[in-house]
Amino acid sequence: MSDESRGISRRAATARLGALVTGLGTAAGIRHRVSLSAALLEGATARGEPDGSATAHGERSPYEDPKRSASQSTSTTPLQELHGTITPSDLHFEVHNSGIPAIDPAAYKLLLHGLVDRPTAFSLADLKRLPSETRTCFIECAGNYPRNAPVTATPEMMAGLTSQSEWTGVPLRVLLHEVGLSPKARWFLAEGADRAHIDRSIPVEKGLDDAFLAYAQNGEALRPAQGYPVRLVLPGWEGNTNIKWLRRLKFAVEPFMTRWETSRYSDGLPDARIRQFSFVIDARSIITFPAPPATLAPGWIDLRGIAWSGRGRITRVELSTDGGGTWRDADLQGPVLSKAHTRFGKMWHWDGKECVILSRAIDETGYVQPTLAELRSVRGRDTGPYHLNPIIGWRIPADGRLELRQEAWG
Amino acid sequence: MGLTKPFRSRSRAWGPSLAVTGIVVLAGCAQRDATMYGIGHAPSLSEIAAWDIDVNARGDGLPPGGGTVAQGAAYYAGLCASCHGARGEGTQLASQLIRPDSGSGTPRRNIATHWPYAPPLFDYIRRAMPPGASAPYGADTIYAIVAHLLEANHVNVPNHRADQSTLPSVAMPARQRFVVDDRRGGHELR
């Protein structure tokens, strides 16, 4: 590539960026963009790399390699590497309490029975014939908070068991109308086709509200890891209730008291009480940029992250850059959706002096994300690992190497 | 058998609002879209029976059969101990089942502390155990294991035997601990 064309490339890139930033699409900008492409193509060919021809499946740039951290049954979303509010489908977090079944969509069946007028089995094709809706909402594991994490912890380690997709599927209320839900029915058992047939009891009220059976994720079929071919989506409710590889809904008067909602997903309270059916994910936020493992240089930076609440919309996110001494509102990226990850941000000038940056979320009910001390004071010593949503942040020492700022569990 | 507070408070909390909501929403459905699409097929009784595997808190769904504590101890040693520990204390591989006697181990969530009803023990072992196999244990085997686990947790098992008719009435020490979440967000923190 000639010096001249290389020079044009740099100027073209700068001009293009400038044009994009100012929102001006000038003819000169378009000319420079064509020059840039040609120069890149020429450069790439000169280096012996594949040319940019069209393909059946798009790939990321070789310079980009975001990935989940995976153990045998769990993987976490690399929140610090992502933008916007949609989690790429191959980076959606996973918690598989009994593996990932391989289901043939042609053989798939969903059974609705119990307190209904007409027990009915639906094929996948049946479900796709029914009215569909599309909703963007998060899913979060109730256990998405590690106590006493190392100082090197990243947003992924602190909150990576949450992701957001645009889900498409059948509203459950449509199915309940089809099968004739009995007025006596107050609960239903939702059961999966995985090996352990993981199952949860869900109040019928949620079924009639915003519950839906999703068969698509970000425009295409669900991934097997997210429950292919059909999963239950209960917007705002803890991940375990969003049963994957859904095979059966059984309607009844009382909850079934499955293992998952008694000995597992329940929360210790003071005085030896145990809170059960704590379905809703409480409001939470996390700064994803700047965040570990990054090193920050002084100067202006867009301080940003995501906030969410299982009770509805985020109405405010407050930021502190002095460890909680003072707070100011961040800007929210619209449209702000209910029960969905919401982007917040604020331009901030770091002066190079050590500080602690924090965020806290407020949702439409008026609920304010608490400190860990506040949370522990109401939940008691033995609350267990679930529904912990305390304020956390990052310490920025003078050398800019961000570290976790987390209250000690004690 | 009267079911205790968790059921009643859930009914009270959900009942009136559910009745109102249900009527409003169903009526709304009827007004918006009264069409019945007739999609899906009526399953045969055997289709339903093949999947209708749940046993609820009251014991509905428990099959005929039974087993003794002594039988269960032997089954446990052969089938369960390798993952759950010889004394049910739990290992890296599997959860604690039996509350350790004080001083002998760290208590975690176990049958004594976190199971409010006995029949779902049958339910969970049948549908999920062992991991990696599909429901290989017969009903008698499972009743026996449940009987052993209950007695090892100092739960009274009448005649040292669990079966279809007696399991639902076993009184579980954890039952009184459970309360239903009644938070609604807002300014309260609980």
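Values quoted throughout were computed directly from the atomic coordinates according to the rules given, and no laboratory measurement underlies them. What you see is a predicted model; the values in this text were computed from it and never measured. Quick reminder, even Gly has a Cβ in these numbers, built from the backbone with ideal geometry, and neighbours come from all protein chains shown.
From the P(r) of the stretch A:338-380, could you give the percentage of C-alpha pairs in the tail past 16 Å? For the stretch A:338-380, the share of Cα pairs beyond 16 Å comes to 60 percent. Measuring between their Cα centroids, the stretch B:147-190 and the stretch A:144-166 lie 33 Å from each other. If R0 is taken as 60 Å, the Cβ-Cβ distance between A:ASP329 and A:SER182 corresponds to a FRET efficiency of 0.80. Fully extending the segment from B:ALA42 to B:HIS160 would add 38.2 nm, taking 0.36 nm per residue of separation and subtracting the current Cα-Cα distance. Pairwise inverse Cα distances across the stretch B:75-160, averaged and inverted, put the Kirkwood hydrodynamic radius at 13.2 Å.
Express the Stokes-Einstein translational diffusion coefficient of the stretch A:291-358 in µm² s⁻¹, to the nearest whole number, given a Kirkwood radius over alpha-carbon pairs, 10 °C and a viscosity of 1.306 mPa s.
Roughly 122 µm²/s, to the nearest whole number.
For the pair A:ASP117 and A:ARG381, what calculated FRET efficiency results from E = 1/(1 + (r/R0)^6), where r is the Cβ-Cβ distance and R0 = 51 Å, to the nearest 0.05? E between A:ARG381 and A:ASP117, to the nearest 0.05, is 0.55.
Taking 18 Å as the cut-off, the amide N atoms of the stretch A:388-410 that come nearer than this to a point 7 Å along the Cα-to-beta-carbon line of A:SER71 belong to A:388. Count Lys and Arg as plus one, Asp and Glu as minus one, and take only other residues whose Cβ is under 13 Å from that of A:MET158; the net charge is then -1.
Listed peptides A:140-147, B:71-78 appear in the order A:140-147, B:71-78 once ranked by packing, highest mean of other Cβ atoms within 10 Å at the front.
Evaluated at q = 0.16, 0.18 Å⁻¹, a Debye calculation over the C-alpha positions of the stretch A:349-410 (equal weights, vacuum) places log10 I(q)/I(0) at -0.65, -0.76. Among residues other than A:ARG273 with Cβ under 10 Å from its Cβ, the summed charge is 0 (Lys and Arg +1, Asp and Glu -1). A simple spin-label model places pseudo-atoms 7 Å from Cα toward Cβ; at A:MET347 and A:ALA294 they are separated by 1.6 nm. Max-minus-min Cα coordinates of the protein assembly as shown on each principal axis give 93, 59, 51 Å, with the largest extent listed first. Taking the Kirkwood radius as Rh and the Cα radius of gyration as Rg, the stretch A:276-324 has a ratio of Rg/Rh equal to 1.09. Within the stretch A:81-144, the ratio Rg/Rh, alpha carbon atoms throughout and Rh by Kirkwood, equals 1.05. Sorted largest first, the spans of the alpha carbon positions of the stretch A:230-297 along the three principal axes are 60, 41, 17 Å. Charge tally for B:ASP101 (other residues, Cβ to Cβ under 12 Å; Lys, Arg +1; Asp, Glu -1): +1. Put simply, the stretch A:300-339 fits an ellipsoid with semi-axes of 21, 12, 8 Å; these come from the alpha carbon gyration tensor as the roots of five times its eigenvalues, largest first. Here is how the number arises for chain A: DSSP H runs of 4 or more residues each give -39500 (n - 2.57), the sum is divided by the residue count, and the result at 222 nm is -5000 deg cm²/dmol.
Gain on full extension, evaluated as 0.36 nm per residue between A:VAL336 and A:THR134 minus their Cα-Cα distance, stands at 71.1 nm.
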